[in-house]
Amino acid sequence: MYSFSLSVLFQAILVVSISCAADHGNYRKRLLLLFAFAGSITTMLFLTVVPKVYLLGALWAIISNTCFGASFVLLNSFLPLLVRHHPKTQYGTPDFSPELHPSFVDEYPPEHSLSEPEVEVFDERSALLSHNRAPSEAPDVTEPLPPSTDSTSIELQLSTQISSTGIGIGYSAGLFLQCVSIIIIWLLKGTTFSLRLVLFFIGLWWFLFTIPAALWLRPRPGPPLPSTGNGNSKGSRSWWAYTIYAWSSLFRTVKLARRLKDITLFLAAWFLLSDAIATVSGTAVLYAKTQLRMAPEALGLINVIATTAGVLGAFSWAAISRALKLKPHQTILACICIFELIPLYGLLGFLPIVKRWNVIGLQQPWEMYPLGFIYGFVLGGLSSYCRSLFGELIPPGSEAAFYALYAIIDKGSSVFGPAIVGAIVDGTGEIRPAFWFLAVLVGLPAPLIYFVNVERGKEEGARLAEIIEGFRIKDAEIACGGHSSSESISEDERGRDNREISPYDEEREGRRRNDI
């Protein structure tokens, strides 16, 4: 537990320190791969832990958990970029693709005059996956459509689709590894070597499936860091400057973000919801072990059922929301309502008539299995929709910084719920009264989510991005004594070459065209 607590602390410090480097320059993908490979290798190194060097286990646990948290923040920061540069959002309609609709040029002529010479443009903004196509084979690409009135709904729909698919694949992989782990432990009679071997296979799995991202995920560089004006572009300035700028930017961003009503509402709701998810899970396991006397094998089966339901939920909630015509925040509300059934079901055990039945209200061990299914099914929807909804509210150019804040709130909130449950159990001597607290905790985020307005939040985020950019320009002018900061920014810190355009520049260009 001490190792886990230390890893959470280091993780919080690390994700803030690297957020600036991820949002500026060409470091986002590099850092993702660095922490993914480092975390997977240290997880595999658990195979070397023996009683004589047991402290290595604590060291590997701290490093691997810290790297996992950092890599997950960086992975999440790609979601808004995947959505922003997808053909569906670039061309304004869900089904449009330049290859599928050649009549686009006739219906929507270019903005420049027909008498002006046409400049050949190669489109590299359509996706984050690199294309193996030679420049000479690149198709002629027209300008994207002007933003349509339903562009937000298109982006949100695409964001939830990508997020749900990713969560579903992740749960599927987790379920597969759980089954493999159970087989390994069963074959080796539950020895400590079997546990170390399981951790080795988990690290190997992580390592192998990082390779496709290393090969095909495009880096999508951000804007350059404001220059110091001293001509030292790479040496002592680089990482130290990024770290200092990250922490100063975090405090500035948090101060400015308080003005954003929808981000504030969502983060407050996420604080409560994340705490509820962790507290319900921990309380349920404690109740099953102490009150229902369930064996470790039975608890493992609950975990498998919850993970299986998570796979189903991740892929099903998108279809459910389409069938019921629910907006993303309404889908989150539906998940919360179903989630509320778990503590309410536990409270049924207080009713005298239910007590006489000796069943229902968590009086029998088998009742944990359907509740585990509900928990996993709801978690699959909440994980994907909360992440995608927050991604739509983030100011362009600050993805890693805001997802770092998202992760810190996720980890930090998990302290309060279990502590309150522990106090209730100590005061009453029973676990069931804690279900009253859980019922309130699960329901508290609902009114906050209800008042989140994505369209308004996107507009506020765009304005905040302009303010943040103004601070960056001001910092650069002060550092350079009024001279252009571009003179002392290296090609590496610009984070782009002749073939790549940063999302920051695309956002500015898009706003310029709209103003024209």
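The values are calculated or read from the model by the stated rules, or taken from the named source; none is laboratory data. All figures in this text were calculated on a predicted structure; none of them were measured in a lab. Cβ: placed from backbone, ideal geometry, glycine included. Neighbour counts: every protein chain shown.
Given Ile167, Ile162, Ile185, which one is within 27 Å of Val53 (Cα to Cα), of a type outside the set (Gly, Ala, Ser) and part of a helix (DSSP H, G or I)?
Ile185 is the lone residue from the list that is within 27 Å of Val53 (Cα to Cα), of a type outside the set (Gly, Ala, Ser) and part of a helix (DSSP H, G or I).
Name the residues in segment 26-70 that are outside any helix (DSSP H, G or I) and within 29 Å of Arg218 (Cα to Cα), would you?
Hits for segment 26-70 are Asn26, Tyr27.
Residues of segment 69-93 being of a type in the set (S, T, N, Q) and modelled with pLDDT of 85 or more, which ones?
Ser71
One residue is enough: does segment 280-302 have a residue meeting the conditions among the aliphatic types (A, V, I, L, M) and closer than 23 Å to Tyr406 by Cα?
yes
Does Thr66 qualify as being within 24 Å of Phe251 (Cβ to Cβ), in contact with a Phe, Trp or Tyr (Cβ under 7 Å, 6 or more places away or on another chain) and at pLDDT 85 or above?
yes
Which of the residues that make up segment 425-463 are among the aliphatic types (A, V, I, L, M) and part of a helix (DSSP H, G or I)?
Correct list: Val425, Ala434, Leu438, Ala439, Val440, Leu441, Val442, Ala446, Leu448, Ile449, Val454, Ala462.
Can you pull out the residues in segment 170-192 that are hydrophobic (A, V, I, L, M, F, W, C) and in contact (Cβ under 8 Å) with a residue 12 or more places away in the chain?
Ala173, Leu175, Leu177, Cys179, Val180, Ile182, Ile184, Ile185
Which of the numbered conditions does Lys411 fail, given that it passes all the others? Conditions: (1) crowded, with 22+ Cβ neighbours inside 10 Å; (2) within 19 Å of Phe72 (Cβ to Cβ).
Of (1) crowded, with 22+ Cβ neighbours inside 10 Å; (2) within 19 Å of Phe72 (Cβ to Cβ), only one is false for Lys411: (1).
With respect to Ile183, is the statement that it is closer than 25 Å to Cys386 by Cα and either modelled with pLDDT of 50 or more or surrounded by 12 or more Cβ atoms within 10 Å (Cβ to Cβ) (or both) true?
It is false that Ile183 is closer than 25 Å to Cys386 by Cα and either modelled with pLDDT of 50 or more or surrounded by 12 or more Cβ atoms within 10 Å (Cβ to Cβ) (or both).
Restricting attention to segment 431-462, which residues are more than 22 Å from Tyr375 (Cα to Cα) and free of Cβ contacts under 8 Å to residues at least 24 places away in the same chain?
Glu459
Only one of these is closer than 19 Å to Ala439 by Cβ, at pLDDT 80 or above and either over 18 Å from the mean Cα position of the chain (by Cα) or buried (at least 20 other Cβ atoms within 10 Å of the Cβ) (or both): Ala278, Ala269. Name it.
Ala269
Looking only at segment 395-428, count every residue that is hydroxyl-bearing (Ser, Thr, Tyr) and farther than 30 Å from Tyr287 by Cα and tell me the total.
Number of matching residues: 2.
Restricting attention to segment 313-357, which residues are surrounded by fewer than 16 Cβ atoms within 10 Å (Cβ to Cβ) and closer than 18 Å to Gly166 by Cα?
Scanning segment 313-357 gives Ala319, Ile320.
Looking at this structure, is Ser19 modelled with pLDDT of 75 or more and under 27 Å from Arg220 (Cβ atoms)?
In short, no.
Among the residues of segment 334-360, which ones are free of Cβ contacts under 8 Å to residues at least 60 places away in the same chain, farther than 18 Å from Gly282 by Cα and more than 28 Å from the chain's Cα centre (by Cα)?
Leu348, Leu351, Pro352, Ile353, Val354, Lys355, Arg356, Trp357, Asn358, Val359, Ile360
Kindly indicate whether any position in segment 352-372 is closer than 30 Å to Leu158 by Cβ, modelled with pLDDT of 85 or more and in contact with a helix residue (DSSP H, G or I) (Cβ under 9 Å, 6 or more places away or on another chain).
No, every residue in segment 352-372 fails to be closer than 30 Å to Leu158 by Cβ, modelled with pLDDT of 85 or more and in contact with a helix residue (DSSP H, G or I) (Cβ under 9 Å, 6 or more places away or on another chain).
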